[in-house]
Amino acid sequence: MGDKEPVVAIAHDYLTQRGGAERVVLAMHRAFPDATIYTTLYDPDGTYPEFRSARIVTSPLNRVALFRRDHRAALPFLAAASSALKVRADVVIASTSGWAHGFRSDGRMLVYCHSPARWLYLTRQYLGEAGRRSPRGLALAALRPLLVRWDRRAAAGADRYVANSTVVRDRITEVYGVEADIVHPPHSVDTGARLEPVPGLEGFVGDGGHFLVVSRLLPYKNVDQAIEAFRGLDERLLVIGAGPLAEALEAARPRNVRLASRLSDAQMRWAYSSAKALVAPSHEDFGITPLEGGAWGRPTIALRAGGYLDTIVEGVTGTFIERPTAAAIREAVRAFDPAAWDGARIRSHVEGFSERRFRERLRAEVLRLA
């Protein structure tokens, strides 16, 4: 293409929720502000409001309100919808953990992989034991052979794969036989911006000192174990997140635990800035919350697994538990000493995951393909 700037588009599985992957798409869009975003489903009220200023192209599935509210209900149709979605660009950055790498394009395809599809390759972990016997779990079992063939065919059509962490790089090699470089996602926390208390939680949070979980409410996130760990403790836990387990977790929580969801960025900053520490017991492919907490100088109690091994320096920015059980979390919380942590060292570590560095790496990857 010579010196001409390539036309870049961004593809993402679905924009129906607020999570780390959606944060990464926003960072990609800030790196390429003229890029159109292509996705199967888009719920403006369910995801981050910043997407309203972007040009977004959706699949015909987006006309079905049920699918916008719950993308899992669209599972039988997503492969076909993804294969039919045509992206017009010289280079497509596909942010994916399951579908966007299968969008069609005449341009080059750079896959930024958050993980090969968990529901296909880590089904037991993704659904939980009870979920495997649910109607959705049985439907997935029936569809799995077809979806695996579709997924591997889509992966083979990509020009280049990039992984968000070491564990995902290794998983890409195992599942697809593809070697991928690592480009860590950035955190996008602005510690100088305003804080806004969450209505109804002012008294619970008070002057701070609570522990904090920020997570989608899915079985493999182990939020139920974190909540149970605080039962009977003289500590407070605030859980921020949404998902299919929300109702059950709310019903089972003890008095010293609160749940909140769909918070604004200002409210998230308030929750992080006043926390004592984060609790992160989930199986994460990257796990950005230790970086978001670390931007405020807060340490993390995390499961020794997955992406947390890339983002946490043991004894400096956090401490590890060996198993994601209530007993292990409770023991770590009881042993936690706020005075043992140096906020300045934590913040210094987090600077290595800045959005500026992410933007530079991403632009270099795009130009490599253009």
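Coordinate-derived values only; no laboratory data. These numbers were taken from a predicted model, which means no experiment stands behind them. Cβ: placed from backbone, ideal geometry, glycine included. Neighbour counts: every protein chain shown.
Counting only helices (runs of 4 or more DSSP H) wholly contained in segment 3-104, the ones carrying 1 or more residues that are in contact (Cβ under 8 Å) with a residue 60 or more places away in the chain and more than 21 Å from the chain's Cα centre (by Cα) occupy 75-84. When LEU245 is tested against (1) over 23 Å from ALA295 (Cα atoms); (2) surrounded by fewer than 18 Cβ atoms within 10 Å (Cβ to Cβ), just one condition goes unmet, and that condition is (2). Of all residues in segment 139-176, those satisfying the criterion of being part of a loop (DSSP other than H, G, I, E, B) and either crowded, with 18+ Cβ neighbours inside 10 Å or free of Cβ contacts under 8 Å to residues at least 24 places away in the same chain (or both) are ALA158, ASN164, SER165.
So how many residues does segment 206-223 have that are crowded, with 20+ Cβ neighbours inside 10 Å and not in a loop (DSSP other than H, G, I, E, B)? Qualifying residue count for the region: 8.
Of the residues making up segment 248-268, just one is surrounded by fewer than 16 Cβ atoms within 10 Å (Cβ to Cβ), without any contact (Cβ under 8 Å) to a residue 60 or more places away in the chain and basic (Lys, Arg), namely ARG255. Evaluate segment 153-162: report whether one residue or more is within 23 Å of the chain's Cα centre (by Cα) and under 30 Å from LEU238 (Cα atoms). No: segment 153-162 contains no residue that is within 23 Å of the chain's Cα centre (by Cα) and under 30 Å from LEU238 (Cα atoms).
Does ALA271 satisfy being out of contact with any Lys or Arg (no Cβ under 8 Å at 6 or more places or on another chain) and without any contact (Cβ under 8 Å) to a residue 24 or more places away in the chain? No.
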